[in-house]
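Below is one structure, written out as structure tokens; comments come after it.
The values are calculated or read from the model by the stated rules, or taken from the named source; none is laboratory data. Owing to the predicted nature of the structure, the values given are computational and were not obtained by experimental measurement. Note that we place each Cβ from the backbone using ideal geometry, even for glycine, and neighbour counts take in every protein chain shown.
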Amino acid sequence: MKRRHTLRLLGAALTSLCTVAMPPAQAADAFPSRPVRFIVPLGPGSGSDTITRLVARLVTPELGGQSTFIENKPGGDAVLAVQSVLASPADGYSVLMLSPSSMVINPLINDNLPYDAQKDLRPLATMLRSAAVLVTGAASPYKTYAEAMAAAKRSPKTVSMASYSNHYRIGALMLQQGAGVEFNYIPYKSPGQVQTDLMGGQVDLALLDVGGALPLIASGKVRPLAVTGKERHPKLATVPTVRESGQPNYDLYVWIGLGVAAKTPEPAVKTLEAALLKAMKQPEFTTYVTETAGAEVFTVGSKEMGEMLASERARYRALSKQVDLTQK
């Protein structure tokens, strides 16, 4: 009897000791304990898809060797991808590729958006930033930016402009307003379709990301007319900026980042943010962004990315008072 009582006391003591000594990370599965999904709101082979795949691969060692995989969810200007993340548990295992469309422009132009970009999503880190380039087909009669705008001014809505994302569509509306012209907007679902029709002469003009346009320019399949940055692009040094071409206040940049559902636990957010920022310091990432994508390495953490988003929202909100951003 006494012996059984002693054993019970000893067992209780050991249980208490283990409970106190066991660190929180052992009390629950350490994050990440299973593969992390990266969701891309564009199709395979797009520039955004390629850079996200690279980062997903480079971050694996920083997550203790935990594997990652890509899931493409194109459609609705990123709405389908956002919905996929928000329909999943907010546990850090679903990481979303973010862009100006999903985080800044969609909320401005869509009153029925099925998510709140500021309340439902939390930024983790940015990856890159790039200007765009206004291009036309190699067989196009337009040899310069001025020629294209002059034709659009002479005959409104006869010069066609490809429209495949809200961000670039708004960039085209800004061009239109500044030049005092009116384009005929042709809707597309992906930049690949735009490139094909540019080369075939089915559409006159398009704004493309520099990385996607560079191979086509180098092979003579499309002709660059102007770049949208404040300065000339180093890989397109002979191509003037839109500012040089007659619109002194124009600039358009696209950035790409990553985020998670807003209710994701803080430990998972911090783990992902630190791992991503470390992965993007690797030379392979820098080389790809600057040499292959023709972009600028732009890596900041969640706090700085949140501040950037606030600034961009204010900028486009002010722009919406000057340009009808809902115009098709």
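Against the list (1) crowded, with 17+ Cβ neighbours inside 10 Å; (2) of a type in the set (Ser, Thr, Tyr); (3) farther than 27 Å from residue 317 by Cα, the condition residue 67 fails is (1).
Only one of the numbered conditions (1) under 21 Å from residue 193 (Cα atoms); (2) touching a residue at least 60 places away in the same chain (Cβ under 8 Å) is violated by residue 76, and that is (2). Selection of segment 215-268 for residues being over 27 Å from residue 150 (Cβ atoms), buried (at least 20 other Cβ atoms within 10 Å of the Cβ) and more than 18 Å from the chain's Cα centre (by Cα) yields only 264.
Is it true that residue 319 is surrounded by 21 or more Cβ atoms within 10 Å (Cβ to Cβ) and within 30 Å of residue 86 (Cα to Cα)? So residue 319 fails the test. Looking across segment 90-138, just one residue is surrounded by fewer than 20 Cβ atoms within 10 Å (Cβ to Cβ) and among the β-branched types (Val, Ile, Thr), and that is 109.
Taken together, 213, 226 contain a single residue that is assigned by TED's automatic domain parsing to the domain that holds residue 145, touching a residue at least 60 places away in the same chain (Cβ under 8 Å), out of contact with any Gly (no Cβ under 9 Å at 6 or more places or on another chain) and not in a loop (DSSP other than H, G, I, E, B), which is 226. Looking at 196, 126, can you tell me which residue is assigned to a helix (DSSP H, G or I) and either of a type in the set (Val, Ile, Thr) or without any contact (Cβ under 8 Å) to a residue 60 or more places away in the chain (or both)? Step by step, each of 196, 126 is checked, and only 196 is assigned to a helix (DSSP H, G or I) and either of a type in the set (Val, Ile, Thr) or without any contact (Cβ under 8 Å) to a residue 60 or more places away in the chain (or both). Quickly run through segment 152-172 and pick out the residues that are in a helix (DSSP H, G or I) and surrounded by fewer than 17 Cβ atoms within 10 Å (Cβ to Cβ). Within segment 152-172, 153, 154 meet the criteria.
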